[in-house]
Amino acid sequence: MTLPLRTILVDDEPLAISRLRRLLTKHRDIFEVMGDASNGAEGLTLIEAERPDVIFLDIEMPLLNGFEMLSRLTAMPMVVFATAFDQYAIRAFEENSVDYLLKPVEADRLARTAKKIQAVVERNDLAKMASSPMSDNLMRLLAQMQPKKEIYSISVKTGEKIILIPLSDIAYFEAEDKYVFLATMDGQKFLTTYTLTTLNEKLPDMFIRVSRSVMVNRHKIAEVHKHFDGKFMLALNDKKGTKLTSGSTYGEAIRQLLEL
């Protein structure tokens, strides 16, 4: 591994990206910024394509947060977290030998990070440091500390661009084999990068799990009919007039949520 290191920035705050880019220009001998991403899904695509040596990663991002993005990478670069956590939380980073930048990023703190990374490269110890942020214990710790943002849309990739689909335009999500698709009110379907489990944790209460493979926007349910074996048939008011059948083990939860 040689300097400068191929570098990617991932942060959903444009001002934070701009500030970090500006500060990193003073360390061109260590970092070569290849690009940036404004959310975890976009970051995942960019990192897999560019294979950077190091990433500066925001933790709190909509839906696909920094930890979830890291867990999906096929190759792990060195990670420098950007965080707004308080000093008590910061100690957890220090004790686990994970470097961090407390927002707003200060020039002198970034300079210390640069020196630390330069020393790691010179010692040829990059592999060891790159793997340390991904320990199971640390991932759980960081996930517990993570503040949640309110979610208004979901990003999906179509062709060469990423579009944001408002939650209000989504009728339901459906898992097919290893993939999860979202269906819009006008009948379109888009492949997402999320699992139903992740969506169930992150989405607001307007979305309810009705079977192992389906999550529906409760505001788009037009009719509910009893089905056999404790199941329900849900008729949606989308363009296609979609009808979904609930799982038998979800019957009681649906009755409570919909006050049936």
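Which condition number in (1) within 30 Å of Pro204 (Cα to Cα); (2) surrounded by 14 or more Cβ atoms within 10 Å (Cβ to Cβ); (3) at pLDDT below 90; (4) not polar (S, T, N, Q) is the one that Met129 fails?
(1)
Kindly state which strands (runs of 3 or more DSSP E) lie completely within the range 1-67 and contain at least 3 residues that are under 17 Å from Phe81 (Cβ atoms) and under 17 Å from the mean Cα position of the chain (by Cα).
The qualifying strands (runs of 3 or more DSSP E) are 5-10, 54-58.
What tally of residues in the range 194-210 results from selecting those that are buried (at least 20 other Cβ atoms within 10 Å of the Cβ), over 25 Å from Glu42 (Cα atoms) and not charged (D, E, K, R)?
So the count comes out to 2.
Taking the residues in the range 246-260 that are part of a loop (DSSP other than H, G, I, E, B) and modelled with pLDDT of 80 or more as candidates, determine which candidate is surrounded by the fewest Cβ atoms within 10 Å (Cβ to Cβ).
Gly247
Can we say Gly230 is in contact with a Ser or Thr (Cβ under 8 Å, 6 or more places away or on another chain), surrounded by fewer than 16 Cβ atoms within 10 Å (Cβ to Cβ) and farther than 13 Å from Glu174 by Cα?
So Gly230 passes the test.
Quickly run through the range 14-40 and pick out the residues that are within 16 Å of Glu106 (Cα to Cα) and surrounded by 16 or more Cβ atoms within 10 Å (Cβ to Cβ).
The answer is Ala16, Ile17, Arg19, Leu20, Leu23, Leu24, His27.
Search the range 68-87 for residues being over 11 Å from the mean Cα position of the chain (by Cα) and surrounded by fewer than 19 Cβ atoms within 10 Å (Cβ to Cβ), and hand back the single one that is modelled with the lowest pLDDT.
Gln87
Determine whether Ile170 is in the same structural domain as Leu244 (by TED's automatic domain parsing), closer than 23 Å to Asp12 by Cα and modelled with pLDDT of 90 or more.
yes
Taking the condition of being more than 27 Å from Ser155 (Cα to Cα) and without any contact (Cβ under 8 Å) to a residue 60 or more places away in the chain, how many residues in the range 23-51 meet it?
4
The values are calculated or read from the model by the stated rules, or taken from the named source; none is laboratory data. Just so we're clear, the structure is a prediction, and the values are computed from it rather than from any experiment. So basically every Cβ, Gly included, is an ideal-geometry build from the backbone, and we count neighbours across all protein chains shown.
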